[in-house]
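Reading through the structure tokens given below for one structure.
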Amino acid sequence: MTEALTMTATPQASAPASRRTDWMGDAMQKRIARRYAAERRFKFLGLAAVALSSLFLAFLLVVMIGNGAKGFVTTEATLTIDLPAATGSISPDQLTEPRLAATMASIDVRRIFDQAVQAQYGEDGERYFASTAWTALRDQLVENPNLVMGKTSFWLPTSSDIDRAAKDRSTPEAERDYAALTKAGEVRQSFNMQFLTGSDGTDPARVGIWGALKGSLITMVVTLFLAFPVGVLAAVYLEEYAPKNRFTDLIEVSINNLAAVPSIIFGLLGLAVFLQFLSMPRSAALVGGLTLALMTMPVIVIAARNAIKAVPPSIREAAMGVGASPIQVVFHHVLPLAIPGIMTGTIIGMARALGETAPLLMIGMRAFTTTPPDGLTDPATVLPVQIFLWSDEVNRGFVEKTSAAIIVLLVFLLTMNAIAVYLRNRFETRW
């Protein structure tokens, strides 16, 4: 009877334990399912963020390229000139050295241009051409003096309104003029080389970006040669030699704070120190480079310190173990291995400096320069400032030039970032 009672009670006692096991298994499966669902949601949000960022970037590029591509194209109208009749009798001997310069200087290009326009297009024919079209005629004659010996058709830039009518919409009068020129076969569109080789001006048909681009190059060279060595040496001292005390802690905090200071503060500093105290030339690339070097140096110091700190301590210990001096350890072993991180941080800091406008406006680098700068102290401007000035122009012809200049600036920045990636991959050491 005892065995019967035991056999009867065992299934009843084991039933609750089985139900608890099933309940715990179900709860665990639900938790696992929730974790997998959370992971899928996180993955979806990450992909959505990447897609949204790519969409914004694509929108920016499409808008900039769509508007800026027109700035690299110019509209030209033909002008036929009988130069022997307009200039008088010029012999071939007068077009050889040393008489060539005097002969070309004696030709009144503006008068010849005005007479040819009236003869071909009527009394009000000047409305078809840009106000500086006669300078384009002069440049072609200077480039090829033999053209004065015959009757030649010249392609000269049209007015801003006709150029806009050829690319987009303009005034009704300009659209009628463009239609008339097109019907007569006297208009064409070609690549605007003047935009890449010229400087600033008042006529959007003849402005160029080379003056601002050259000013940016000179300013960036000054910034690099000042900020890079000082920043790297400061990082080496702070990381390898400086004692750990309150003074060095204060220096580190100050450097970190300087990296976050608004750029216009550095412009005020450059205005007070370089222009007012040291009386350096206003609007010079030298002053711009000094100001941007002050702004870029904290970024280089922080990047260089992180790169030096990332070098494994075993490299230092091994170098010291074979008898290297502390300075040999730093310059023969640590710095070569830290170069990828240092160069990457430097290029990123330089790219930030290239896009700055506020500090350069404070030191007056918004000069109207019709010729590219030839030296460090010549009046100059830079690409961001040139873009800012063109965007503020009343003439609608500067809109496409502004977008085209932005494309040039983006290409410049992409080139600098590509150099950073190349240097990082070139010198990177895998542990």
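The values are calculated or read from the model by the stated rules, or taken from the named source; none is laboratory data. In this text the structure is predicted, and so the values were computed from the model without any measurement. Neighbour counts are summed over all protein chains in view; Cβ atoms, including those assigned to glycine, are modelled from backbone coordinates with ideal geometry. For the accessible areas, the whole protein counts, side chains as well, though only heavy atoms, and no ligand, DNA or RNA atoms are used. Shrake-Rupley method; radii C 1.70, N 1.55, O 1.52, S 1.80 Å.
In terms of the Cα gyration tensor, with a ≥ b ≥ c the square roots of its eigenvalues, is region 109-213 rounded because a/c is under 1.5, prolate because a/b exceeds b/c, or oblate?
It comes out oblate by the Cα gyration axes.
Express in nm, to one decimal, how much length is gained between residue 191 and residue 41 on full extension, taking 0.36 nm for each residue of separation and deducting their alpha carbon distance.
Here the segment from residue 191 to residue 41 would lengthen by 49.0 nm.
Among (i) 1.25; (ii) 0.95; (iii) 1.00, which one is Rg/Rh (Cα atoms, Kirkwood Rh) computed from these coordinates?
Of the labelled values, this structure produces (i).
Name the most mobile residue of 66, 323, 289, meaning the one with the largest mean-square fluctuation, in a Gaussian network model of the chain with Cα contacts below 10 Å.
Residue with maximal mean-square fluctuation among 66, 323, 289: 323.
Which residue fluctuates the most in the chain, going by a Gaussian network model with Cα springs under 10 Å, if the choices are 336, 379, 359?
336
Report the extension gain between residue 268 and residue 358 in nm, rounded to one decimal, defined as 0.36 nm multiplied by the number of residues separating them, less their alpha carbon distance.
31.4 nm
How much of the accessible area of the chain, in percent, comes from carbon and sulfur atoms when a 1.4 Å probe is used?
That fraction is 63 percent.
Enter the Cα centre distance for the pair region 258-276 and region 358-431, rounded to the nearest angstrom.
19
Give the long-range amide H neighbours of residue 154: residues separated by 5 or more places, or on another chain, with amide H under 5 Å away, using H modelled in the peptide plane at 1.01 Å from N.
Amide H neighbours of residue 154: 79, 80, 81.
Using a Gaussian network model of the chain whose springs link C-alpha atoms within less than 10 Å, name the residue from 357, 248, 135 with the highest mean-square fluctuation.
248
Quick query: amide H of residue 73 versus all other amide H atoms, modeled in the peptide plane; which residues come in under 5 Å with a sequence gap of 5 or more or a different chain?
Hits under the 5 Å cutoff: 192.
If packing is taken as the average number of other Cβ atoms within 10 Å across a peptide's residues, how do 259-265, 42-48 rank, most packed first?
Packing order, densest peptide first, comes out as 259-265, 42-48.
Could you give the DSSP H helices of the chain that reach 30 angstrom or more along their long axis (alpha carbon positions) and whose average Kyte-Doolittle hydropathy is no lower than 0.5?
The qualifying helices are 210-236, 285-309, 398-427.
In the chain, what is the count of Lys pairs whose alpha carbons are under 24 Å apart, counting only pairs at least 8 residues apart or on separate chains?
Total qualifying Lys-Lys pairs in the chain comes to 10.
With a 1.4 Å probe and every protein chain left in place, work out the accessible area per residue of the chain in Å², rounded to a whole number.
On a per-residue basis, the chain sits at 56 Å².
Work out the length of the dipole vector of the chain about its Cα centre, built from +1 on the beta-carbon of each Lys and Arg and -1 on the beta-carbon of each Asp and Glu, and round it to the nearest 20 debye.
2100
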